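Taking it in order: structure first as structure tokens, then the write-up.
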Amino acid sequence: MIIVMEHNATKEQLQRVTDFIANKGMKSYIHQGDLLNVVAVIGDEINLNAESIAALEGVANVKKIQEPYKLVSRVAHPEDTVIEFSNGVKVGGLEKPVLMVGPCSVEKDYEGLLKVAKAAKEMGCQFLRGGAFKPRTSPYDFQGLEEKGLQYLAKAGRETGLLVVSEVMDTMDISLLCQYVDVLQVGARNMQNFKLLKALGRIKKPVMIKRGPAATIKELLLAAEYVVSNGNPNVILCERGVKGFDSQFSRNVLDIAAVPIIRKISHLPIIVDPSHGTGKRYLIEPMGKAALVAGAHGLMYEIHHDPDNAMCDGAQSLNLDQFKEVTKSLNKLIGRIDYDNKNNK
Ligand code: PEP
Ligand code: MN
């Protein structure tokens, strides 16, 4: 249920509404809009009578929300969520799309990672991304450098001035990740690890949730709802493709339509990962462009200083020359870098 307050409702009237909800055993989240305050009621609404609430002083109207996701829906929160980082980078809303790049996994060769980070900075990317805890299909594959990888990533981020993103696979590692990264990624396989999502709701750092390989848009939004309803509003969604029936030419089916759909029904930023979405490096540029045209708030793609020898996902990673070409073309579409005027900022 969503309670829209009148534009001149007083603090006391708002308090009476939230007290009323609390007395019925439910939680309320107040969204302070520019013009109006909106109260979202969370919990089993069985004991809540919409007419009694509508009769409270200061209440303009009461709407039942049909969708199970409430806090991430535009009904409860009409304005876009824009996540702002300490260095001024913003993700979401009408901000220019951001670029997150890096190797699938952080490897032992720090100099290689630094080369990647320097190239990323030179090309105007905002985030360096690399896995230190890797969810691998086979237990015999490289599982990541863990804390050492986080240290390398943070160091490369510091040396180049890039924000850093890395995956968290277990509640046990959340505080460790928080020491090193700016965004904690929830991988596709963990999208419905509800214990992890709840725990990520108790931190303040932004969380990026990747769509599960067989998850619906509704399930993705509900995963985000877990984080937001537990107290962390800083969530970025990531479309990375779902399993289809034809994996001969592309690893997954990248659901570009999910971008405008999510922008319509949710206020959260949505970025697209054409690397895992397709599994092919030559598809990063066309699918990245398609995602930007569809309204993505950013792209995430994999690059490596030596893809042929990468420990993970080399086949879908661009080498640094390819990365520069592709990124130049994406930046032209984004309009952040004015190549013609050589005014690269
Ligand atoms: C990744 O982002 O490195 C990754 C493993 O992707 P996904 O969780 O989308 O499979
Ligand atoms: Mn990968």
Straight-line reach from Lys218: which aspartates and glutamates have Cα under 13 Å away, leaving out those fewer than 8 places along the same chain?
Glu67, Glu239
Along the dipole axis of the chain (charges at Cβ: +1 for Lys and Arg, -1 for Asp and Glu; origin at the Cα centre), the most positive-end residue among Leu237, Val98, Leu176 is Val98
Pseudo-spin-label distance Gln179 to Ser138, built 7 Å along Cα→Cβ, given in nm, is 3.3
Under 16 Å Cα-Cα from Lys148, which lysines qualify once same-chain neighbours fewer than 8 residues away are excluded?
Lys108, Lys134
Region 92-166: relative contact order as a whole-number percent, Cα under 8 Å and 6+ apart
35
Probe radius 1.4 Å, ligands and nucleic acids ignored: give me the carbon and sulfur share of the accessible area of region 159-229 as a rounded percent.
53
For region 193-205, what does the Karplus curve 6.51 cos²θ - 1.76 cosθ + 1.60, with θ = phi - 60°, yield as ³J(HN,Hα) per residue in whole Hz, taken in order and with x for Gly and Pro?
7, 5, 5, 5, 4, 4, 5, 6, x, 9, 10, 9, 5
At a 1.4 Å probe, what is the % contribution of carbon and sulfur to the accessible area of region 2-63?
46
Spin-label model distance (nm) - Gln32 vs Ala214, 7 Å beyond Cα toward Cβ:
4.5
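Once fully extended, how much extra length lies between Lys64 and Lys96, figured as 0.36 nm per residue of separation less the alpha-carbon to alpha-carbon distance? All intermediate terms of the calculation are to be shown ahead of the outcome.
Numbers: separation 32, 0.36 × 32 = 11.52 nm, distance 3.40 nm.
Difference between extended and current length: 8.1 nm.
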What net charge do the residues around Gly43 carry, taking every other residue with its C-beta under 12 Å from that of Gly43, with Lys and Arg at +1 and Asp and Glu at -1?
+1
For Lys11, go through the aspartates and glutamates and keep the ones whose alpha-carbon is under 18 Å away, minus same-chain ones fewer than eight residues off.
Asp19, Asp34, Glu57
Treating the angle as unsigned and between 0 and 90°, give the value, to the nearest 10°, between the Cα long axis of helix 11-23 and the longest Cα principal axis of the chain.
90
Using just the helices of the chain, give the 222 nm mean residue ellipticity in deg cm²/dmol: DSSP H runs with n ≥ 4 each add -39,500 (n - 2.57), and the total is spread over all residues, rounded to 500.
-9500 deg cm²/dmol
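Please sort 37-45, 60-68, 102-110 by packing, taking for each peptide the average over its residues of neighbouring beta carbons within 10 angstrom, highest first. Mind showing how you got there, number by number?
Working: 37-45: 18.3, 60-68: 13.2, 102-110: 22.2.
For the peptides 37-45, 60-68, 102-110, the packing ranking is 102-110, 37-45, 60-68.
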Can you give me the orientation-averaged projected area of the convex hull built on the Cα atoms of the chain, in nm²?
18.6
Heavy-atom accessible area per residue, region 1-104, 1.4 Å probe: how many Å²?
53
C-alpha center-to-center spacing [region 187-225, region 3-59] in angstrom:
27
Have a look at Glu285, Glu167, Glu84 and tell me which one the Gaussian network model of the chain (Cα, springs below 10 Å) gives the largest fluctuation.
Glu84
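Which of the residue pairs Lys121/Lys328; Lys210/Lys243; Lys96/Lys204; Lys155/Lys324 have a Cα-Cα distance greater than 18 Å in the structure shown? Write down the numbers at each step before the final one.
Values: Lys121/Lys328 12 Å; Lys210/Lys243 14 Å; Lys96/Lys204 23 Å; Lys155/Lys324 22 Å.
From Lys121/Lys328; Lys210/Lys243; Lys96/Lys204; Lys155/Lys324, over 18 Å: Lys96/Lys204; Lys155/Lys324.
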Under the Karplus curve 6.51 cos²θ - 1.76 cosθ + 1.60, θ = phi - 60°, whole-Hz ³J(HN,Hα) for region 282-287, x wherever Gly or Pro sits
6, 8, 5, 5, x, 6
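The values are calculated or read from the model by the stated rules, or taken from the named source; none is laboratory data. Quick caveat, the model's predicted, so the values are computed rather than measured. Here the Cβ is made from the backbone with ideal geometry for all residues, glycine too, and neighbour counts use every protein chain on show. Protein only, heavy atoms only, side chains kept; ligands, DNA and RNA dropped before computing areas. Shrake-Rupley method; radii C 1.70, N 1.55, O 1.52, S 1.80 Å.
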